[in-house]
Amino acid sequence: MERLPAARIREHAADGLAALLVDAVDGGASLGFLAPLDPAEAAGWWLAVAEETERGARTVWTAHGPGDVVLGAVTLVRGDKANGRHRGEIARLIVHRAARGQGLGGRLLAAAEEHAAGEGLTLLVLDTQTDSPAERLYRRAGWTAAGTIPDFAADPVGTLRPTTLYYKQLGTLPRDARIM
């Protein structure tokens, strides 16, 4: 796993990171985009992620294969509201279709969780398409389903699908602790 600074995200936005996102969306992953995903749109999204990373709002990890090919990525977004600085969101866990089923998603998720706990975050949240393969990964990793929202987001072909919200507690703050 490699934690990417903003400069490395920019460096890989137009090639490896964009290719990873295009592969996932075109392969049916519900990541907020419709298929076929234009590589320029994917690169633009990663460039926006680089800006968020530079501001300290998002952290990105990648996993690479032979030839430095990007095989997976995960991003962690910190809570930006005054009353939510104790939490973060796993916002995009992406694994290339050629690398699925090898535990890469679990390793990326664990890296983000470990970092979040080290930063003092006590709660993580995420959402995923209901009945997607990702749900098995989150359940195996100890995440708890909080509920399902019908017709929450369109899948890559544009069909509205339900989304399940998950959370994972990484620790607890003392009862009288204040968020600053």
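Some observations on this one:
- Segment 61-137 - convex hull of alpha carbons, volume per residue in Å³: 96
- Point-to-point label distance, Arg161-Ala141, nm (Cα→Cβ direction, 7 Å offset): 1.7
- A Förster distance of 30 Å, applied to the separation of the beta-carbon atoms of Gln169 and Glu11, puts the FRET efficiency at 0.25.
- Computed over the chain, the per-residue total of -39500 (n - 2.57) for DSSP H runs of n ≥ 4 gives a 222 nm mean residue ellipticity of -9500 deg cm²/dmol, rounded to 500.
- Full-extension gain in nm, Phe152 to Glu114, via 0.36 nm per residue minus C-alpha separation: 10.8 nm
- Between Val60, Val22, Val69, the Gaussian network model of the chain with springs among Cα atoms under 10 angstrom shows the greatest mean-square fluctuation at Val69.
- Debye-sum result for the chain in log10 I(q)/I(0), which assumes one identical scatterer on each alpha carbon, at q = 0.10, 0.14, 0.15 Å⁻¹: -0.38, -0.76, -0.88
- Cβ-Cβ distance of Glu41 and Asp131, R₀ of 22 Å, FRET efficiency by 1/(1 + (r/R0)^6): the value works out to about 0.25.
- Nearest-0.05 FRET efficiency for Asp68 and Ala48, computed from C-beta distance (R0 25 Å): 0.65
- Kirkwood hydrodynamic radius (C-alpha pairs) into Stokes-Einstein, segment 1-108, 25 °C and 0.890 mPa s, D in µm²/s: 175
All of the numbers you see were taken from the coordinates with simple rules; none came from a lab. No experiment lies behind these values; they were computed from the predicted model shown. Note that each Cβ is placed from the backbone with ideal geometry, even for glycine, and that neighbours are counted across all protein chains shown.
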